Amino acid sequence: MAKVFNINGACRPEQHYMVDLESRLEEIKEMVDAGEYFSINRGRQYGKTTTLRALTRYLQNDYVVVALDFQTLGMSSFESEEAFAGDLAGEILDAVPEFPAGIEERLLAFAEGTARISSLNAIFRVIKSWCEKLDKAPVLIIDEVDTASNNQVFMDFLAQLRAYYLKRPDVATFQSVILAGVYDIRNIKHKIRPEDEHKTNSPWNIAAKFRVDMSFSEKEIAQMLMEYEADYHTGMNVEEIAGQIYSYTSGYPVLVSDLCKILDEDIAGSEGFPGRSDAWTEAGLQEAVNELLYEKSALFESLIGKLTDYPEMKGMIYRLLFRGETIAYSADDPVADLLLMFGFVKAERATIQIANRIFEMRLYNYFLTLPEVQNGDIYRLGSQDKNQFVRDGQLLCRSADQKSGTYRSDH
């Protein structure tokens, strides 16, 4: 079966064209080897699940890996400590192929509800007993950790997890803990605390910084395209097309894959692009960009939804797009922190900038549909000046050092 470009769910190397994750896995393993507790928080569809699945396989020779996905837990799992402990025990049983004598029976009693659980500490005691009997150190990975982030039972679980982690090496527990989601540990805590307590993060200050770059570089995009080219022999200029894809996406994983998927499945064979050789060109890529800008997708719906949920973010995006302001980046600015976390922006040259050209144009078009924008002078000016975003059929990009809000071509 031929490989395809994937934009839905985790990528699998035997089924999908994808970049080589080896260098990222090496970097993450160094953090695991150092016994660090860290959070991989990136925007939606940024390759977190794909990376975690690859990491699970990568670590298995050296560690006992407990890889959980909290999307599998329902709301009832968080109604009480007893319910959560039981469902957590079931997830651990599914994730680990074998247990030392006695441990599996104790976990099964929790999962089936035959053992009485007065608090979460009961299951942590079982985990401690299990860790004491292991020949290899255990590593805990929890994907979609923010699925449960608005629930106090889950916060109590994180508190217990932190307490046991801090007792290393005196108490047998996980060598390393990896939590993955859009929200980082601090922001998870923010979601359920009263408004006047939002500034205090001290219980969650143990997480190491995760500095691994999960965006795709031009070289990595080219490597993926070379695999595709070996299958289809389109004659494309791989380095040139990879560079152009990067210029539109800044390496945002799902945008890279989406453009490639559109080129392969929609542009090739369409009017003006009868074959793959015609599609994998600069003109074909521009057609793919235009299609991507106007398609409905979970990523764009999520981004727009966040602007509705957080009006302060909408205000900063408006200032960037329509007022052309240069906004200095401050790590202490909660609005900038949210925009970075959700993937709207990046911090470069000590300033906040829209994350990539695709987002920039998509957000620009969105703002022009808003009644508050349409009723003001900015709509008239924006509509009149929209050609500053497109020149000779090419989407233009804001220069990083421009304050006027005008655009230039990168070609």
In segment 272-300, residue nearest to Val238 (Cα to Cα) [restricted to those that are of a type in the set (S, T, N, Q) and part of a loop (DSSP other than H, G, I, E, B)]: Thr281
Pair list, Cβ < 8 Å and 6+ apart or interchain, from segment 229-247 residues that are closer than 18 Å to Lys3 by Cβ to residues that are open to solvent by 30 Å² or more (accessible area, probe 1.4 Å) and of a type in the set (S, T, N, Q): Thr234/Ser277; Met236/Ser277; Met236/Thr281; Ile241/Thr281
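Here is a yes/no grid of residues against (1) surrounded by fewer than 21 Cβ atoms within 10 Å (Cβ to Cβ); (2) at pLDDT 95 or above:
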residue	(1), (2)
Asn187	no, no
Lys199	yes, no
Ser202	yes, no
Lys209	yes, no
Phe216	no, yes
Gln223	yes, yes
Tyr232	yes, yes
Ala242	no, yes
Leu263	no, yes
Where Leu338 falls short, out of the listed (1) at pLDDT 90 or above; (2) within 23 Å of the chain's Cα centre (by Cα): (1)
Of all residues in segment 22-57 being outside any helix (DSSP H, G or I) and open to solvent by less than 20 Å² (accessible area, probe 1.4 Å), the one that is nearest to Tyr232 (Cα to Cα): Gly43
Filter result for Glu91 (part of a helix (DSSP H, G or I), buried (at least 19 other Cβ atoms within 10 Å of the Cβ) and not hydrophobic (A, V, I, L, M, F, W, C)): yes
Which listed residue, of Ile127, Ile117, Ile123, Ile141, is open to solvent by less than 40 Å² (accessible area, probe 1.4 Å), touching a residue at least 12 places away in the same chain (Cβ under 8 Å), in a loop (DSSP other than H, G, I, E, B) and not hydroxyl-bearing (Ser, Thr, Tyr): Ile117
Residue check, Ala180 at pLDDT 85 or above, open to solvent by less than 30 Å² (accessible area, probe 1.4 Å) and in a strand (DSSP E or B): yes
Scan of segment 220-271 for residues that are hydroxyl-bearing (Ser, Thr, Tyr), under 23 Å from Met361 (Cα atoms) and not in a helix (DSSP H, G or I), ordered by number: Ser250, Tyr252
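The values are calculated or read from the model by the stated rules, or taken from the named source; none is laboratory data. Everything quoted here is computed from the prediction, not taken from an experiment. Neighbour counts run over all protein chains shown; Cβ positions are idealised from the backbone, glycine included. Heads up: the accessible areas ignore ligands, DNA and RNA and are worked out on the full protein's heavy atoms, side chains in. Shrake-Rupley method; radii C 1.70, N 1.55, O 1.52, S 1.80 Å.
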